[in-house]
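Undergrad: Next up is a structure, given as structure tokens.
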Amino acid sequence: MAGNRLPTVIDTPLGRLDSRHREHLVDRYFPNAGRQVLLLSTDEEIDENLLNRLRPSIAQSYVLAHDDTTFTTRVGKGYWWTEGALHAV
């Protein structure tokens, strides 16, 4: 790593956890996991409660909406249920 501060990427971090362990990671680990942490979650991992708990540590959130007919992905700001976010068709 040669002294570089690289981002930490965590893919589907909460998928197999019960609610108690999800809250533990959201409250204790993610806010302290690194200077720049990218959480890649599915639409069922982070609900409104967990997102609100993470908000003080979030700089940006994005939703990716894939279109199977055109094989394209649109990017929008927000989380999948938030106002203005893209919705998969």
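The values are calculated or read from the model by the stated rules, or taken from the named source; none is laboratory data. Keep in mind that this is a model prediction, so the values were computed, not measured. Every residue, glycine as well, gets a Cβ built from its backbone with ideal geometry; the counts of neighbours run over all protein chains shown. What goes into the accessible areas is simple: the full protein's heavy atoms, side chains included, and nothing from ligands, DNA or RNA. Shrake-Rupley method; radii C 1.70, N 1.55, O 1.52, S 1.80 Å.
Undergrad: Mind listing whichever residues of the range 53-66 are polar (S, T, N, Q) and either surrounded by 15 or more Cβ atoms within 10 Å (Cβ to Cβ) or over 27 Å from V26 (Cα atoms) (or both)?
TA: S61 - this is the single residue of the range 53-66 that is polar (S, T, N, Q) and either surrounded by 15 or more Cβ atoms within 10 Å (Cβ to Cβ) or over 27 Å from V26 (Cα atoms) (or both).
Undergrad: Here's something else I'd like to know. Using the structure shown, decide if T8 is polar (S, T, N, Q) and in contact (Cβ under 8 Å) with a residue 24 or more places away in the chain.
TA: yes
Undergrad: Quick test for you: out of T69, T82, pick the one residue that is open to solvent by less than 60 Å² (accessible area, probe 1.4 Å) and either part of a helix (DSSP H, G or I) or not small (G, A, S) (or both).
TA: Selected residue: T82, the only one of T69, T82 that is open to solvent by less than 60 Å² (accessible area, probe 1.4 Å) and either part of a helix (DSSP H, G or I) or not small (G, A, S) (or both).
Undergrad: In this structure, does L40 turn out to be of a type in the set (A, V, I, L, M, F, W, C), in contact with a strand residue (DSSP E or B) (Cβ under 6 Å, 6 or more places away or on another chain) and modelled with pLDDT of 90 or more?
TA: Spelling it out, L40 is indeed of a type in the set (A, V, I, L, M, F, W, C), in contact with a strand residue (DSSP E or B) (Cβ under 6 Å, 6 or more places away or on another chain) and modelled with pLDDT of 90 or more.
Undergrad: Return a yes/no flag: does the range 41-49 have any residue that is without any contact (Cβ under 8 Å) to a residue 60 or more places away in the chain, part of a strand (DSSP E or B) and open to solvent by less than 90 Å² (accessible area, probe 1.4 Å). First the steps, then the outcome.
TA: Of the residues in the range 41-49, the ones without any contact (Cβ under 8 Å) to a residue 60 or more places away in the chain are 41-49.
Those left that are additionally part of a strand (DSSP E or B): none.
No, because not a single residue in the range 41-49 is without any contact (Cβ under 8 Å) to a residue 60 or more places away in the chain, part of a strand (DSSP E or B) and open to solvent by less than 90 Å² (accessible area, probe 1.4 Å).
Undergrad: Here is a follow-up. For the range 1-33, give me each residue that is surrounded by 11 or more Cβ atoms within 10 Å (Cβ to Cβ) and either on the phi > 0 side of the Ramachandran plot or of a type in the set (K, R) (or both).
TA: Of everything in the range 1-33, those that are surrounded by 11 or more Cβ atoms within 10 Å (Cβ to Cβ) and either on the phi > 0 side of the Ramachandran plot or of a type in the set (K, R) (or both) turn out to be T12, R22.
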